[in-house]
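Here is the structure we will look at, set down as structure tokens.
The values are calculated or read from the model by the stated rules, or taken from the named source; none is laboratory data. The structure presented is a predicted model; accordingly, all values stated were derived computationally and were not measured. Please note: Cβ atoms are built from the backbone with ideal geometry, for glycine as well, and neighbour counts cover all protein chains shown. Surface areas here come from the heavy atoms of the whole protein model, side chains and all, with no ligands, DNA or RNA. Shrake-Rupley method; radii C 1.70, N 1.55, O 1.52, S 1.80 Å.
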Amino acid sequence: MDLASKTGKHLQLKETFDRRTKIHTFEMHIIKAKDNYAGNYRCEVTYKDKFDSCSFDLEVKGFVDIRSAFKRRAWPQPSHPPLVSCPREPKQDETPEVDVWEILKSARPDQYEKIAFEYGITDLRGLLKRLKKTKKEEKKSEAFAKKLDPAYQVDKGGKIRLVVDLADPTVELKWYKNGQEIRPTPKFIFEQKGTQRILVINNCGLNDDAAYSVAAGEEKCTTELFVKELPVKITKEIEAVKTTVNERIELECEVSEEGAQVKWCKNGVEVPTGPRSRYRVKSEGLKHWLIIDDASKEDTGTFSLMASGGTSEAKVQVELKPLKIIQDLQDMTVLLGQPLKMHCEIFPGNVPGRWYRNGQLIQSNDRINILQRAKNHRLEIVNSTIHDAGDYTFVPEGYTQSLCAKVHIVDPPRVHLESLNFPDNTVTIVAGNKLRVEIPISGEPAPRVVWMKGERVILDSGHRVRAETFSDYTSLTIDIAEKEDTGNYKIVLQNEAGEAGASIKVKVVDIPDPPEVPLVTEVGGDWCSMTWEPPIYDGGSPILGYFIERKKKQSSRWMRLNFDLNKETTFEPKKMIEGVPYEVRVFAVNAIGVSKPSEPSKAFVPLAVTSEPTMLVVDDVTDTTVTMKWRPPETIGAAGLDGYLVEYCIEGSDDWRVTNKELTEKTKYTITGLPPEAKILVRVRAINAAGASTPRTLQHSILVKEVIEPPKIRIPRHLKQTYTRKVGEAVNLVIPFMGKPRPKVSWLKEGQTVDPTQVTIRNTDCDSIIFIRKAERKHSGKYDMKVEVENHVDTAIIDIQIVDLPGPPQCVKIDEVWGGNVALDWTPPKDNGNAAITGYTIQKADKKTMEWYTCIEHYHRTCITITELVVGNEYFFRIYSENMVGLSEGATQTKDSALIVKEGMQLKNPEYIDHDFKEPPKFTQPLINTFAIAGYNATLNCSVRANPRPKVIWMKNKIAIIDDPRYRMFSNQGVCTLEIRKPSPYDGGMYSCKAINDLGDALVECKLEVKGQFGL
């Protein structure tokens, strides 16, 4: 009986698997054992074609000590329960056995706890539940005097009697199987003996394993019937069989039971017995057969029959019949396109076979027919091709022998130029590119191919130009095409079937050679004109135009000047920077591409002439000379200004004469050698590298005759007052004057002639210079200047004052001392340094330290009262004099000291306890969450108070910010600032500021969110 269908609250089956030891454990738990559970149990295990089993006997003992059943056990439970759970054997007590159940049944409910304590029962709740159930079971049945046993067991094929004893024989009785009423049949027989009612079940089978019940009136009692299946044993083993292919095989085996379920296997794998299987299974009574009608070599192996009580095995060996070749395959040579027929004859005749070409299986199709008629095997190919050539093999199925023959397909060589689609069989290639021409060829056997250019044979081992031949095409390869590769190439094919030839033309086109070096013919302020010669070699394609580029000479960057091709060989570049050297070059363009650049032209500089000079006037005229003055041109340009060219002509003529053979850089020039009282016209040109500018011509003629001009001294404004300098400084005075002809200048000091060793005087036509290299106080005084032109005179006076530091004051004395005050008095210095005394500086010093301190500066009077002096100290005083140059080098000190005394008072210094200002860091203003705009600087601010001064660390996402140029950190008076330069959205995150000193640390945090510009 299979126990899987009986699992429930009384029986449980469990399976576990240990991955470490790879062991399966099968457990059966009987929750509550009964007497009818005793018997033989078997565990069967199957895996694929493997089978094993084990059996054991279970014995159920009826006596159970109630005290041991309801005592709580202290020993630990096993980690895995036993395969069969049975009550533990009670430990025998020395006290006499007492039936506690009988005592509890007769006792009152209020005595249950006392009885349980007296007999050592600790599980009182479980005891009461069982007692309650027991009382219900003791209820006497009114219909049955004796009910059915809880369970019955019978062997398969045996007979079982189910007996009940009725209390009332007249009551109607019905039997049920699994809830279905049982009708009398030869298998189910109802018997009656007095008050007993008996159900007899004959020839019990597995389908009789069920729950049975009997109903008497309204009462019913039930039982379970377990049918024990006996193992099926093998009574006659399978015999070994040795036969040949296509024979019939019958394997016979006999078992101990009719209709037994058996399984046939081959090499441990169950044999398929479906409608399309080669195997047939037959059974009759105790015998079982496995039949193979048409045996094959694959049937060799070990066949077995598996029954529940054992297994029988036998070896079957199937051998082939000897192969005899009546007619072998013959080697053949076939012309391409003709039919191919192959034939062979073997014995035995019913053996199929397979055809192979070069080891590949041949399948039948529209062109290939495979035929077999008894012993004859034929292979027919309607229209043979090159691919049909090779080694043909016929392999009879099941045999190691094979029939072989060679088929040779012959085809004359041919060159298929028409598939290339080259016009006039001409291949055009751009120089520098790789050329590979593949020309299909055919012929069988494969023809020998020779490539030739003229009389030169092209080999397959060439470095740059090589020819290669493959099975269905030949190729010409030129790795880097050159213009010398242009020409006709001939192909010659040869094989045993004939010869063929063809030719192709290769044309190599290239970019043109560079044009000749361009020539710059004319240069302007921001333009030039250039021309060049076309390239010598046009690359095999007409020149379409030119590209022109230019660059600054010092630069390496060329700039394209035209984006549309220039058809001519001349060009005019524009928009150049004046004064910058340039170079130009030219590219030639044809249909293939752009040539290399020409050599750069000679460097040239775009230059423009200056504008005409301005404000041309007559500066001086004598009897034979004319002096002209002018100003530089308004526009000079990058070429600069090399100088001026002065020309004149006699009034009434156009004969302009150049007066200066060499250019003059000055804006004043004197024309000499003029005829007296002649009238002339004058013009001036500005000259630079670009040439001469437009002339500036004087609007009226000039009479060559000297004019007397009275002298006039033009004293500068700063010399109209006293000119003051310090001792040691230089004196350099320029006094301009006017007058014609050249005036005569003389100098006097205080009515005396000026000593040239002390004062240097230099006179020119328009000014006089007085120079003193190192001034001294003796140089002070009034200087008289006199300018004379014939009878005309002009004079001027220059007052020069040389000043020095003053001397110290005279006779400093202490007039009076009272309280914390001292009155001082002194007389002015004897030497004022040739300048008025502007003030005094008074200093004091304590007698103990003699360290001087300034009391007052720039004091104008010669007496003063010094206040707020410290009582008990004794002081000295000194005074410096001061003028416009500075303080005197020395000071005059008081001879006596002033003691500050105050009687009747004692000063008691109080004691103070220093306050401890140390404290750990504490943020008085925390960080706040901030929104920033991408690309605009953002700042985070907080303030911290601590003593000593803390160390401040800024962090982003808990990572310290160290030496990052995007961040700037400031700390001033406890205010900590972090500046984020032009943040991006990736700079967003949690920022924190940490302050640390010896007393502790503090931390504040905030969140920074960076948004895109304009809210994007």
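Test of understanding: what is the full-extension gain from K1011 to K922, defined as 0.36 nm times their sequence separation minus their Cα-Cα distance? Could you put the intermediate results ahead of the total?
Numbers: separation 89, 0.36 × 89 = 32.04 nm, distance 3.17 nm.
Here the answer is 28.9 nm.
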**Fully extended contour minus Cα-Cα distance, from E706 to E496, at 0.36 nm per residue** = 63.3 nm
**Asked** Sorting H915, H29 by accessible area (1.4 Å probe), largest first, what list results?
**Response** H915, H29
**Cβ-placed point charges (K, R +1; D, E -1), dipole of region 925-1010 about Cα centre in debye, nearest 20** = 80
**Asked** Residue farthest toward the positive end of the dipole of the chain, with Cβ of Lys/Arg at +1 and Asp/Glu at -1: which of G259, G501, N40?
**Response** N40
**Complete:** Reduced to Cα centres, the span from region 288-356 to region 793-828 in Å works out to 148
**Asked** Ignoring ligands, DNA and RNA, how do I31, I592 rank by accessible area with a 1.4 Å probe, largest first?
**Response** I31, I592
**Request:** Measure of size requested: the Rg and Dmax of region 416-509, with Cα atoms as the atom set and Å as the unit; please supply both.
**Result:** 12.9, 40
**Complete:** Counting only protein heavy atoms and rolling a 1.4 Å probe, one gets per residue an accessible area for region 324-410 in Å² of 58
**Asked** Please report, for the Cα atoms of region 875-1016, the Rg to one decimal and the Dmax as a whole number; what are they, in angstrom?
**Response** 28.7, 85
**Asked** Where Lys and Arg each count +1 and Asp and Glu each count -1, what net charge lies around L286 among other residues with Cβ under 12 Å from its Cβ?
**Response** -2
**Prompt:** Per residue, how much accessible area does region 613-704 have with a 1.4 Å probe, in Å²?
**Reply:** 54
**Message:** Using protein chains only and a probe of 1.4 angstrom, how many square angstrom of K341 are accessible, to the nearest 10?
**Reply:** 120
**Message:** Can you give me the solvent accessible area of E250 with a 1.4 Å probe, rounded to the nearest 10 Å²?
**Reply:** 90
**Complete:** With the 8 Å Cα cutoff and a minimum separation of six or more residues, region 234-319 has a relative contact order in percent of 40
**Prompt:** What does the convex hull of the Cα atoms come to per residue for the chain, in Å³?
**Reply:** 569
**Item:** Extension gain, E851 back to Y912 (0.36 nm per residue minus Cα-Cα distance, nm)
**Value:** 19.0 nm
**Asked** Hey, how many Å between the Cα centroid of region 569-593 and the Cα centroid of region 742-791?
**Response** 67
**Complete:** Spelling it out for V803: with amide H atoms placed in the peptide plane at 1.01 Å from N, the residues 5 or more places away or on another chain with amide H under 5 Å from its amide H are R725, K726, V727
**Request:** Write down the percent of antiparallel bridges among all DSSP beta bridges whose residues are both part of the chain, to the nearest 5.
**Result:** 90
**Request:** Using the charge dipole of region 674-743 (Lys, Arg: +1 at Cβ; Asp, Glu: -1 at Cβ; taken about the Cα centre), state which of T722, G739, P711 has its Cα farthest towards the positive end.
**Result:** T722
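Distances longer than 21 Å among the Cα atoms of region 694-782: what percent of all pairs is that?
Distances greater than 21 Å cover 47 percent of the Cα pairs.
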**Normalised contact order of region 519-594, rounded percent, pairs of Cα under 8 Å and 6 or more residues apart** = 40
**Item:** Estimated translational D of region 475-630 in µm²/s (Stokes, Kirkwood radius over Cα pairs; 20 °C; 1.002 mPa s)
**Value:** 106
**Request:** Mind pulling the angle between the C-alpha long axis of helix 124-137 and the longest principal axis of the chain? Nearest 10 degrees, somewhere in 0 to 90.
**Result:** 40
**Item:** Lys, Arg +1 and Asp, Glu -1 on Cβ, resulting dipole of the chain about Cα centre, debye, nearest 20
**Value:** 2640
**Request:** Could you work out the mean projected area of the convex hull around the alpha carbons of region 559-620, in square nanometres to one decimal?
**Result:** 7.2
**Percent carbon-and-sulfur accessible area, the chain, ignoring ligands, DNA and RNA, probe 1.4 Å** = 49
**Request:** Give the ranking of D485, D538 by solvent-accessible surface, highest area first, calculated with a 1.4 Å probe.
**Result:** D538, D485
**Complete:** Rounded to whole angstroms and listed largest first, the alpha-carbon spread of region 613-704 along its three principal axes comes to 42, 24, 23
**Item:** Solvent-accessible surface (1.4 angstrom probe) belonging to K375, in square angstrom, nearest 10
**Value:** 80
**Asked** Of T838, G988, Y853, whose Cα points farthest to the positive end of the dipole of the chain (charges on the beta-carbon: +1 Lys, Arg; -1 Asp, Glu; origin at the Cα centre)?
**Response** G988
**Message:** Could you check the spin-label model distance between F26 and T273? Points 7 Å from the Cα along Cα→Cβ, value in nm.
**Reply:** 2.4
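On alpha carbon coordinates alone, what is the Rg over Rh value for region 144-226, Rh being the Kirkwood radius?
Rg/Rh: 0.94.
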